[in-house]
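Enquirer: One structure coming up, written as structure tokens, with questions to follow.
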């Protein structure tokens, strides 16, 4: 089948931590040459779309505009605006998440916010967790940017945002509303931005739990690439097979 649009993961698919994945650059260049629309859909909230675009160019020689990047931060902002439960927020996360939410018009509040938003924070402290716990217990709407338990790095699988969110779910006994892959919220928003129906699009990624499940749960065909999270020996054991599986994006015919 020929797909008219591609939704593509970043870490583990385009690169692995700080390491290049050799097939990534020619894969994107093939899409660009054929003028096939694509969008990077990432659960990473630590960077802005401009940061992501710049890093792809500087570190991996992959040249795309910021408009090709749709982050869980953008999806979180869109969701909060639709929810319309207020405009004050306490955020656990890094600059990409904080900047994206505050620039969208939300106001920082630690004691009694309308929302608590939690993403990956590599400078997490007990004090931050305590503030978030109290705010959620006091009725703040609890949003988790994504459920990733781990993130792939050159050193191994490091703790992801989902691990931090799970800690707060335990502390507060409140389940977070998750935005990122594999949830419908981010996938539906990305498709709206791309302006393509899901039947004409494929989701490309390395993580069965997030990328591939995002496709399976939302009626989108999937391409699992074995360069990151999900390994080849796991494939026969997966509960529902991806539409396609490749060891490298070099194997995929566009």
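None of the figures in this text is laboratory data; all of them are computed from the coordinates on show. This is a predicted model, so every value here is computed, not measured. Cβ coordinates were reconstructed from backbone atoms using ideal geometry, including for glycine residues, and neighbour counts include every protein chain displayed.
Enquirer: Regarding segment 130-254, what are the three Cα extents along the principal axes, ordered largest first, in Å?
Expert: 52, 37, 25
Enquirer: If I take R0 = 35 Å and measure r between the Cβ atoms of residue 241 and residue 157 in this structure, what FRET efficiency does the formula 1/(1 + (r/R0)^6) give, to the nearest 0.05? Please list the in-between numbers first.
Expert: Values: r = 23 Å, r/R0 = 0.65.
Once the sixth-power term is evaluated, E becomes 0.95.
Enquirer: Please work out which option in (1) 23, 21, 19; (2) 31, 19, 17; (3) 43, 22, 14 gives semi-axes √(5λ) of the Cα gyration tensor in Å calculated from these coordinates, and answer with its label.
Expert: Checking each listed value against the structure points to (2).
Enquirer: Starting from 0.36 nm per residue, how many nanometres of slack lie between residue 111 and residue 130 once their C-alpha separation is accounted for? Kindly include the intermediate steps, with their values, before the conclusion.
Expert: On the way: separation 19, 0.36 × 19 = 6.84 nm, distance 1.08 nm.
Stretched fully, the residue 111-residue 130 segment lengthens by 5.8 nm.
Enquirer: Once both axes come from the Cα atoms, what is the angle between helix 126-137 and the longest principal axis of the chain, in degrees from 0 to 90, rounded to 10?
Expert: That works out to roughly 80 degrees.
Enquirer: What residue among 14, 203, 80 shows peak mean-square fluctuation when the chain is described by a Gaussian network model with Cα springs under 10 Å?
Expert: Most flexible of the set in this elastic network: 80.
Enquirer: Next question. Would you compute, from DSSP H runs of 4+ residues alone, the mean residue ellipticity of the chain at 222 nm, taking -39500 (n - 2.57) per run and dividing by the full residue count, rounded to the nearest 500? It would help to have the intermediate numbers written out before the result.
Expert: On the way: 8 runs with 83 residues, N = 254.
Value at 222 nm, helices only, nearest 500: -9500 deg cm²/dmol.
Enquirer: Nearest 10 degrees is fine. How inclined is helix 49-60 to the longest principal axis of the chain, computing both from alpha carbons?
Expert: Approximately 40 degrees, to the nearest ten.
Enquirer: Okay, moving on. I'd like the distance between the alpha-carbon centres of segment 112-143 and segment 1-25, rounded to an integer number of Å.
Expert: First find each Cα centre; the distance between them is then 32 Å.
Enquirer: Additional query: For an R0 of 25 angstrom, estimate the FRET efficiency from the Cβ-Cβ distance between residue 177 and residue 87 and round to the nearest 0.05. Don't skip to the end; give the middle numbers.
Expert: On the way: r = 17 Å, r/R0 = 0.69.
The calculated FRET efficiency here is 0.90.
Enquirer: Place the peptides 43-56, 234-247 in order of packing, highest mean first, counting for every residue the other Cβ atoms within 10 Å and averaging per peptide. List each step's numbers first, then the result.
Expert: Values: 43-56: 21.1, 234-247: 13.3.
Packing proxy ranking, top to bottom: 43-56, 234-247.
Enquirer: Something else now. To the nearest 0.05, how large is the calculated FRET efficiency for residue 137 and residue 217 if R₀ is 41 Å and r is the Cβ-Cβ distance? Walk me through the intermediate numbers first.
Expert: Numbers: r = 30 Å, r/R0 = 0.74.
That gives a FRET efficiency of 0.85.
Enquirer: What is the distance, in nm, between label points placed 7 Å from the Cα along the Cα-to-Cβ direction at residue 167 and at residue 200?
Expert: A separation of 4.5 nm, rounded to one decimal place.
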